[in-house]
Amino acid sequence: MLRLSWSTFRERWQLFIGATLTVCLGVALVQSSLLILVSAAVGGYVEAIALLGITLGISAFLAVFIVSSTFAFTVAQRRRDLALLRLTGAARGQVRRLLLSEATLLGLLGTALGVPLGLLVMRAQSWLLRDLGFVPAEFAPRWQGWILAVSAGIGLGVAVSGVLAASRRAAKVRPLEALRDTGEAARVMTGLRWFFGILFLAGSVSLVIVSSFAGPEGAIPLAVNAALTAAVALSALSPLVVPLIGRVFGVALRGSTLGGLAQANLWDGVRRSASTAAPLIVLVALLLGQSGTLLSIGEAGQVEQRRDLRGDLVVTAQGQTGAASVPGVDVAAPQLRLPVRTTTTTYEGDGEYETEADNVDALVVDPAAYARTHRAEPVAGSLTRLRGNTVAVTADSGFPLGTTVDARIGDRDVPLRVVAVLPMTFAGGSMLLPVDAVPAAVAARAPSETIVRLAPGADAGAVRGALGEFGEVRTLEEWIDQSASRQQQVSTGIMTVILGLAGLYALIAVVNAVVIAAAERRREFAVARMSGLTRGQVVRLALLESWAVAAIGLVLGGLAGAGTWVGIGAATERIAGQSTIVVPWTLLGVVVAGALLVVGATSVWTAWSATRARPVSLAGAAE
Amino acid sequence: MTAPLSTELGRRAGGGPAAVELRDVSRHYGTKHDLVRALDGVSVAFAEGSWTAVMGPSGSGKSTLLHCAAGLERVSGGQVLLTGDDITAADDAALTRLRRSRIGFVFQSFNLIGSLTAEQNVALPLKLAGQRVPARQVRQVLASVGLDERRRHRPRELSGGQQQRVAIARAMVTRPSVLFADEPTGALDSASARQVLRLLREMVDRAGQTIVMVTHDPAAAASADSVMFLSDGRIVDHAAAPTAAEVAERLARLEA
C-alpha cells in the first residue's frame, strides 16, 4: 500500500507538493508563534502576550483549515484513480488506509520541513515585534526541546484529521465512476458541509452578539473569532454560492463564447471553485474583520474624546507645567502618563494564593482641574475624594469601589483605594491617580499633556505664545487628530503582527489551490484546444474562471468580515453613545486588486504551462 | 421480428450452472415521470467457456447490461447469478471479494494506473487481496500476453495495444471465472485490435475462459462464439458464430 502511495506521490507531485507545503507552513507558523509566546510570557511582556495569543490562535486555525481543505481537495481530485482501485479489487478500508497513510507521509514530510522553516519564521516574527516596539530590543525567543513534539503533533495531526472526513467520503466512491470520464461527484453540498456551515454560522452570529457587549479590550479577539467562524461557515456553504456568481458572470459576459464557457465550467467544477475560494475567504474575512474593528475602535475613541474633553489648547511636555499661572488661562489640567504595575491576589482555597501582575498606563491628574476639563461623570464614587493613596478606575478594570489596588509606582509599593469608577472608554487611560500619590521625582520625568481652557475674552494667540515656553502647544482638535493617528499606527502594528505571516500563509494557500486545480485540467484544456480554441483563448478562459472564483472568495470573505462590524457598531454605540463603523476602503481596494492579481497571474501561468504540450498527445492519453 | 425474451448462449458444458445468468433484469434511471428503461426485463445465461459479444445501437443498454452482470450497478428488478450464486443483493464487501477473485474487467480506455509499471499493475489485484505475489506468476501472465520484455515500463511508455494487453493480464492474474470486456478494441488500431482479439480467442479455446464483451465493431463481434443484439433495453436477436458481414447487416437493420 505504501508502495502505491509512493508511486502516486511521484505521479501527482503538484497535488502532494501543494499539500506538503500547506503542512510545512502551518507547522512553521504555529511553532514560531508558540515559541515566541512562551518567551514573551517568561519575560512578562503583557502587550506582546495578548497579541501573540491571538496570532497563535489564528496560525493554528489556519493550519487546520488550510491543510484540511487542501487535503480534501486533493482527494476529490483523485476520485477517478480511487474508483479504479476499487474496480481492481480494493476494499473501502483499503482506500481509506491508502489515503491515511499518504496523509501520514505528507504530515511527516511537512513537519520535517516545517521545523527548520519555523526557526526562520521565528526570526522574522520577533524582528517584527521588536521593530514595532511590542518587545524590547534585546528580546530573543528561546528554543524549547519539547516544541519538536508539538510541531510533529501539529503536522501529523492536521494532515491526518484533514484527510479523515475526505477519506471516508472517498471510500464510498463507486467503482463504476472509473469508467466515466468526469470523476467529479455530482453532490458537492454534502450533509457534513450543511452541518458545519450552519453550526459555524450560528457560532459567528453569537460571537457578533457577544462582541457588541464587549469592552474595547475584548472586542478585537472577539471580532477575529467571529470573522474566522463566519469564514468557515461560508466556505462550507460556498458551493451554494458558486452557481450564483457564475450566473452573474454569465450576464456580465453575455454574448461572449469564452464567457459562456467559463460559466459552464464554473457550474461543472463547483468543488474546484469552492476549494480554491476557501483560503481566500478566510484571508479576506480576517483582514477586513480585524482592520474594520481596529479602525472603528480608534474612531470611537476619537468621537469620545471630542465629546468628553472641554478645552482649547493642549500642551505636551514633561512633568507638571506652570500653565495655570499664564494670564488668560482659566483651567490647566495636567495629566502625566505613568506606567504602573498592579498585582491582584486572589485566594484559591487550601491556603493557595494566585497572584497576577499587570502593567497599566495610569494618568496622574489634578482631580479638580480634571473634572473641569472632562464631561464624563463617575458611575460610582466621586473624583473629589481622589486624594492621597487613592485611584479612580474604569468600569471594566475589575476593581469595585472601595477595594484596594496593589500598585508599584516607580520603586515604591503603594496600596491604592478605589474611590471612583469611571465609565468604560475606547480612548484608553484605565486608571487615574492624584498628584500626591506619586513621588515628585517620578512625576517630573513623566511625559504629560496639559489641557488648557481659556478664560472668556482671552487672546488665544497670546496665550498660545506664552504657553510655548513649557512645551509644544496644539489646539485640542489638532491634538485629538494627532493622538488618533498615533493610535492608528499602533493598530497597524497590531495588524501586522497578527496577520502579517498568517496572511502570507493564506495567500500561498490560494496560489496553491489554483495550481492544484490547473494541474488536473491538462486534458480538459487539451480537449478545448482540439475543439478549436487557441492557446491564448484557453489561457483567457482559465483567467476568467479564476477571477470568478476570486470574486466568490472576495464576496464571501467580505461578507464574513463585514458581519463582525455589526458587533463593533453596537459596542461603540453602547460605550461611546454613537455607532461608529469605519470601513477600511483602502485595504479593501488593495485586497480586491491583490487577490485578482495574484489569482489571475497564477492561473495564467499554470494554464500556459499546462497547455505547453501539443493537445493531441494529452487528449489521446487515457490517464 | 420475433424477439426471444430468454436466451441461452454458447455451449453448455456438463449442464452446470451458467457462468453468469441474468433473470428478468431491469434497470431504470430517472424519476417516475421521466423514466429511462436502460434494461427492460432481460433474461440471458452466459455458459461457461463461452465468448459472447453484446451488440446494439448507442443507448440500447449494452453497457448497462455489462455493468449489471458484473455487479457494478444495482439492478432495479430481477436477479443476477454468478456461477449459480445470487449477487443481486450482495453488499460492498462481498462485491469487492468478487472483483478480487471471480470477475475481471477490461475497458476501452485501458484504465491502468499510470504511476505503476506494467508488472505492478498486473500484481495489484493480488496485492489488494492481501495475497503474496509470486513474481513468477506475474511474469507468466505478462508473457502470455506477449509483454514479458516490457514489464518494467509504465503505461505511458506503451502503445495502446500493449496497454490493453497489460490490462488483460491484470484482469487474468486472479483467474476470474468471467472476464467482462467493454469495447476492448475501441481505442486500438486494426492491427492491435486483431492481436487483442486473437489473445481473447486463445484464452477461451485453451483455458475455457468465459468472456462477455460489449462492442460496436462487427469484426470484433465476429471473433466471439455468438452475438447477442440489444435494442431499447431488450434482447432482440442473436446469432451463433456469424461472420463480420452478417453482424454488420443485422446491426444496420436494428439501427434503421
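Every number in this text was worked out from the coordinates using simple rules, so none of it is lab data. Just so it is clear, the model here is predicted, and its values are computed rather than measured. Cβ sites come from the backbone with ideal geometry, for glycine too, and all protein chains shown count toward neighbours.
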When the helix-only estimate is applied to the protein assembly as shown (DSSP H runs of n ≥ 4, each -39,500 (n - 2.57), divided by the residue count), what is the mean residue ellipticity at 222 nm, nearest 500 deg cm²/dmol? -19000 deg cm²/dmol
Treating the angle as unsigned and between 0 and 90°, give the value, to the nearest 10°, between the Cα long axis of helix A:257-268 and the longest Cα principal axis of chain A. 90
Label-point separation in nm, residue A:41 to residue A:198, each point 7 Å along Cα→Cβ: 3.8
Report the label-to-label distance for residue A:489 and residue A:372 in nanometres (one decimal), using points 7 Å from each Cα along the Cα→Cβ vector. 3.3
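What shape does chain B have by the C-alpha gyration tensor, where a ≥ b ≥ c are the square roots of the eigenvalues, rounded means a/c under 1.5, and otherwise prolate means a/b greater than b/c and oblate the rest?
Working: a/c = 1.72, a/b = 1.39, b/c = 1.24.
Because a/c hits 1.5 or more and a/b exceeds b/c, chain B counts as prolate.
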Normalised Cα Rg of the protein assembly as shown, dividing by 2.2 N^0.38 Å with N its residue count, works out at 1.29
List the relative contact order of chain A as a percent without decimals, with contacts defined as Cα pairs under 8 Å and 6+ residues apart. 19
Cα-based helix-to-principal-axis angle, B:92-101 vs chain B, degrees rounded to 10: 60
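Which values, in whole Å and largest first, are the semi-axes of the equivalent ellipsoid of segment A:1-186 obtained as the square root of 5 times each eigenvalue of the Cα gyration tensor? The partial results should precede the final answer.
Values: eigenvalues 322, 38, 29 Å².
The equivalent ellipsoid of segment A:1-186 has semi-axes of 40, 14, 12 Å.
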Most mobile of B:74, B:97, B:27 per a Gaussian network model of chain B (Cα springs, under 10 Å)? B:97
Given R₀ = 56 Å, FRET efficiency for residue A:482-residue A:251 by Cβ-Cβ distance, to 0.05? 0.70
Run down the lysines and flag those whose C-alpha is under 26 Å from the C-alpha of residue B:62, throwing out any fewer than 8 positions away in its chain. A:172, B:32
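How much length, in nm to one decimal, is gained on full extension between residue A:137 and residue A:210, taken as 0.36 nm per residue of separation minus their Cα-Cα distance?
Details: separation 73, 0.36 × 73 = 26.28 nm, distance 3.72 nm.
Extra length available between residue A:137 and residue A:210 comes to 22.6 nm.
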What distance in nm separates the two pseudo spin-label positions at residue B:85 and residue A:148, each 7 Å out from Cα along the beta-carbon direction? 5.2
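Determine the shape class of segment A:1-110: with a ≥ b ≥ c the square roots of the Cα gyration tensor eigenvalues, call it rounded for a/c under 1.5, and otherwise prolate if a/b is greater than b/c, oblate otherwise.
On the way: a/c = 3.53, a/b = 3.25, b/c = 1.09.
Cα axes put segment A:1-110 in the prolate bin.
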One would report the antiparallel percent of DSSP beta bridges in the protein assembly as shown, rounded to the nearest 5, as 70
Count the net charge of all other residues whose Cβ sits under 15 Å from the Cβ of residue B:62, scoring Lys and Arg as +1 and Asp and Glu as -1. -4
Can you tell me the 0 to 90 degree angle between the C-alpha axis of helix A:46-77 and the longest principal axis of chain A, rounded to 10? 10
Counting Lys +1, Arg +1, Asp -1, Glu -1, what net charge surrounds residue A:475 among other residues with beta carbon under 15 Å of its beta carbon? -2
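Can you give the FRET efficiency to the nearest 0.05 for residue A:352 and residue A:406, using r as the Cβ-Cβ distance and R₀ = 30 Å?
Details: r = 18 Å, r/R0 = 0.60.
Rounded to the nearest 0.05, the efficiency is 0.95.
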